[in-house]
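Data block below; observations after.
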Amino acid sequence: MNEVEEKFGQIYFAVLGAIALVFGVAELIASAGEGFTWGILDSSGAADPMFLPWRAIILISVGFFYLSSVRNFAEIHQLAKAVMASIMIWIVAGMAIWSRIAGSIPGEETWFNSLEGFLASYAPPYCPEMFLLPFSLVIVYYIMKEKEARMTGQK
Amino acid sequence: MPLSVDERWDLIEKISKQTVEFGAYKHTLKDAIAELTVKPLTGIPVAIAVLYGFWSFFIDFAGTLFTDGFMVRLFDEHWLPWLQSVFPGGLGNPFYALMVDAGHWENGVLVASDNCFEAFGVLTSGFFVPFGVVLWAVLAFYLVFAILEDIGYLPRLAVLVDTVLHKIGLHGYAIVPTFLALGCNIPGVTATRPLETRKQRFMMITLLSVFVPCGAQIGIMQDLVPELMGWIFLTLAIGYLGFGFILNKIVPGRSPEIIMDVPPYRMPTLRNIGRKLWIRTSRFLLVAVPFVLLGCLIVGLMYLTGAMDWLATVLGPFLMGLFGVPGETVSPLIAGFLRKDLAVGVLGGLMERGIMTTFQVFTSVVLLCIYFPCLATFALMLKEESWKEFIGSIASLVVMVLVYGGLIHLVGIMLGVA
C-alpha cells in the first residue's frame, strides 16, 4: 500500500472507530434502560433485550480495535486489528440481517408471508451495526492490497 | 542398542539441519489475525462476537424460522386436530390418552389440548419434541460448530480459556468437550478421551453431565422460557466453575499439561461441513427419537395409573421444602431421566396451566439440567468410567443437585422472589 492509501486508511478508520465507539456507548446506556429508537436508528433491543448489552460490548471493542490500528496502519499486525474489527461488525450485522430473513419467510396467518409482509420486514429502523456494515467493507480493499503486495514480493 | 535422551536430541538436530530450511519468516495477515484471537485483550472481545453470532443464528434458525415459523403451525393446527378427529377412542379413553391427548381438567370438565406440548401423547408430543423443535436446534448448533471447527477457531478458543480452566484443574482443551456437549452430551463425554489422567476425565465427565445442557434441551428451553435463558446459563456456568474448583481440590490425582495443535485459519469446505452435519444430526436423531417416544409412553402410563400423582404427593413436601418447586415437578424429573428435552416439554405443559411462578419455572429448568444425565449419557458414563469412578460421579451429582438446588432456593428467598 502506498503512502496515500495508508494516510487515507488511517483517517478513515479513525473516524469509523470513533463512530463505532459512540454507537457502542449509546447502546450500553440504552441497554440499562428501555433502549431507544431515533429515526431509522434502532437501539431498543426489541427483538431480544438480552442481546443489547453484548452488542454494545462488541461495538465498543470494534471502536477500540479500529482506533488502535491507526498508528502505523500499513504494518501487518496493525492492519489485522482493523480486519478483525470489520469481521466483528460483519458477524453482528450479518446476524441482524439473518434475523430479518428468518422472520420474513413465515406468514402470520398463512404458511408463507405475503410479498408486502416480506418486504416490510426489511424496512427501517436498523441497528447501528447495519449502518456500519457498508463502511466496514472498505477493509476488503486493504486486504486485497496486502495480498497483492505479498504476491509481487513487496512484503 | 537404544539411544539415550541426549543422543536422541543430537540425532533430531542433525536430521533437522539436513531437512529444514531456516530463514526469517514474515507474518501474513492470517498469522496476525490468529495472534489477535489468542491474546486475552483482543481475543475475549472476538470470542464474545463469535458466541453472539453463534447464539443469534441458533435462535433465529431454530426458533423463529423453523419451530415458530412452520413446525408449531404444522403440529398444533394440522397434525393434532387431525389426530383428535380420526384416532379411535376419544378424550377419556386410556389408549387415546397415551397415543394422542390426555387432556386436562378445567372446572371439573376434561378439556382437549390445543397444542402438542400439553397433549403429551406418543404421536403428538412424541413427534413434536424431536421433529418440531429439537431437530432444528441440533441442526443449527452442529452447523455453526462444524464451521468454527473447520475454520480453526475452536483450538484458539481453547488457548484463550486455558488460564480460567486451569483454576479448576482442567485446561483449555476442556472447551472442546464442553462445546460438543452443548450439542449432545454423548459426543461430549466421548471427546474427554484425549485427557491424560483419570482425574481430569472424571471431573470433565461429571461436570458435563451435570452442568452442560444439550442442544435439544436448549432448543426447548428457548422455545418455552426465552426470557430466562441468560439467567439459566449464568447459573449453570457458575455451577460448572464452582463445583469444578471444589472437585479439583478433593479428587486425588494429577492435572498435567496437554500439547494441543493450533492449526492455521482455513476456509471450510461445503463437503466437509455437509458430511459432519449429516453424521452428527442423524446419529443424534437415532438416539433421541426412541427415547422421546418411550418417555411419552412411560409418563403417560404413570399419569393413567395414578403413579405420578402418588409420587407428587410423596415427594412434594421434599421438593417444596428444599428446592421451592411444586410436587408436580416430579413428572418432568422422571421424564428427564429418559430425555431432558422431553422433561422441559412436560414442564412446558405445567407452565401453560399456570401452576408455577416465574422463579419456580427458573428453578425447575435449572434442576432439570443438573439433576441427572439422560439415559443415553448415563449408559455412556458406565462404559467410559470404572465402577468406582461411576459411583463417584453419581455421588458427586447427588451432592451437587442437593447443594446447588438448595442454594438457588435460598438466593430466591433472600431476594424475595421464591
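Within the stretch A:50-68, if we keep just the residues that are within 16 Å of the chain's Cα centre (by Cα) and not hydrophobic (A, V, I, L, M, F, W, C), the residue that is nearest to the other protein chains (Cβ to nearest Cβ) turns out to be A:SER61. Of note, B:SER125 does not satisfy the criterion of being among the hydroxyl-bearing types (Ser, Thr, Tyr), touching a strand residue (DSSP E or B) at 6+ places or on another chain (Cβ under 8 Å), in contact (Cβ under 8 Å) with a residue 12 or more places away in the chain and more than 14 Å from chain A (Cβ to nearest Cβ).
Taking the stretch A:133-154 as the range and being at negative phi, of a type outside the set (A, V, I, L, M) and not in a helix (DSSP H, G or I) as the test, the residues that pass are A:THR152, A:GLN154. Does B:TRP231 satisfy the criteria of being under 28 Å from B:VAL398 (Cβ atoms) and among the aromatic types (Phe, Trp, Tyr)? So B:TRP231 fits the description; yes. The one condition from (1) surrounded by fewer than 17 Cβ atoms within 10 Å (Cβ to Cβ); (2) outside any loop (DSSP other than H, G, I, E, B) that A:THR110 does not meet is (2). The stretch B:4-89 holds helices (runs of 4 or more DSSP H) entirely within its bounds, and those carrying 1 or more residues that are facing chain A (nearest Cβ under 9 Å) and in contact (Cβ under 8 Å) with a residue 60 or more places away in the chain map to B:29-38, B:40-58.
Kindly establish whether B:TYR265 is surrounded by 13 or more Cβ atoms within 10 Å (Cβ to Cβ) and in contact with a Gly (Cβ under 6 Å, 6 or more places away or on another chain). So B:TYR265 fits the description; yes.
Within the stretch A:33-63, take every residue that is β-branched (Val, Ile, Thr) and either assigned to a helix (DSSP H, G or I) or modelled with pLDDT under 85 (or both) and give me the one that is farthest from B:ILE48 (Cα to Cα). I'd like the intermediate steps shown before the answer.
Of the residues in the stretch A:33-63, the ones β-branched (Val, Ile, Thr) are A:37, A:40, A:57-58, A:60, A:62.
Now restrict to residues that are either assigned to a helix (DSSP H, G or I) or modelled with pLDDT under 85 (or both): A:37, A:57-58, A:60, A:62.
On the way: A:THR37: 25, A:ILE57: 8, A:ILE58: 7, A:ILE60: 12, A:VAL62: 12 Å.
Out of the qualifying residues, it is A:THR37.
Take the conditions (1) at pLDDT below 90; (2) under 25 Å from B:LEU143 (Cα atoms); B:SER255 misses just one of them, which is (2). Within the stretch B:63-73, is even one residue touching a Gly at 6+ places or on another chain (Cβ under 6 Å), modelled with pLDDT of 90 or more and surrounded by 15 or more Cβ atoms within 10 Å (Cβ to Cβ)? Yes: one or more hits.
Taking the stretch B:219-237 as the range and being surrounded by fewer than 14 Cβ atoms within 10 Å (Cβ to Cβ) and more than 14 Å from every other protein chain (Cβ to nearest Cβ) as the test, only B:ALA237 passes. With respect to the conditions (1) surrounded by fewer than 23 Cβ atoms within 10 Å (Cβ to Cβ); (2) within 14 Å of chain B (Cβ to nearest Cβ), A:PHE8 lacks only one, and its number is (2). Within the stretch B:394-409, the set of residues being more than 17 Å from B:ALA237 (Cβ to Cβ) and buried (at least 21 other Cβ atoms within 10 Å of the Cβ) comprises B:SER396, B:HIS409. Residues in the stretch A:118-132 that are assigned to a helix (DSSP H, G or I) and either farther than 21 Å from B:ALA62 by Cα or at the interface with chain B (Cβ under 10 Å from one of its Cβ atoms) (or both): A:LEU119, A:ALA120, A:PRO128, A:GLU129, A:MET130, A:PHE131, A:LEU132.
The condition (being modelled with pLDDT of 95 or more and not basic (Lys, Arg)) is satisfied by just one residue among A:LEU28, A:LEU67: A:LEU67.
Looking at the stretch B:117-129, which of the residues that are in a helix (DSSP H, G or I) and modelled with pLDDT of 85 or more is surrounded by the fewest Cβ atoms within 10 Å (Cβ to Cβ)?
Pass one, the stretch B:117-129, residues in a helix (DSSP H, G or I): B:117-119, B:125-129.
Then drop every residue that is not modelled with pLDDT of 85 or more, which leaves B:125-128.
Numbers: B:SER125: 34, B:GLY126: 25, B:PHE127: 19, B:PHE128: 28.
That would be B:PHE127.
Determine, yes or no, whether A:PHE65 is of a type outside the set (A, V, I, L, M), touching a residue at least 60 places away in the same chain (Cβ under 8 Å) and over 29 Å from A:PHE118 (Cα atoms). So A:PHE65 does not fit the description; no. If you go through the stretch B:181-191 one residue at a time, do you hit one that is in contact (Cβ under 8 Å) with a residue 60 or more places away in the chain, under 28 Å from B:ALA34 (Cβ atoms) and touching a helix residue (DSSP H, G or I) at 6+ places or on another chain (Cβ under 6 Å)? Looking for residues that are in contact (Cβ under 8 Å) with a residue 60 or more places away in the chain, under 28 Å from B:ALA34 (Cβ atoms) and touching a helix residue (DSSP H, G or I) at 6+ places or on another chain (Cβ under 6 Å), one finds at least one in the stretch B:181-191, hence yes.
Among residues of the stretch A:78-105 that are more than 7 Å from every other protein chain (Cβ to nearest Cβ) and within 22 Å of A:GLU116 (Cβ to Cβ), those with a beta-carbon under 7 Å from a residue that is of a type in the set (A, V, I, L, M, F, W, C) and not in a helix (DSSP H, G or I) at least six positions away or on a different chain give the pairs A:ALA96/A:CYS127.
The values are calculated or read from the model by the stated rules, or taken from the named source; none is laboratory data. Since we're looking at a predicted model, the values are computed, not measured. Positions of Cβ are backbone-derived with ideal geometry, glycine not excepted, and every protein chain shown enters the neighbour counts.
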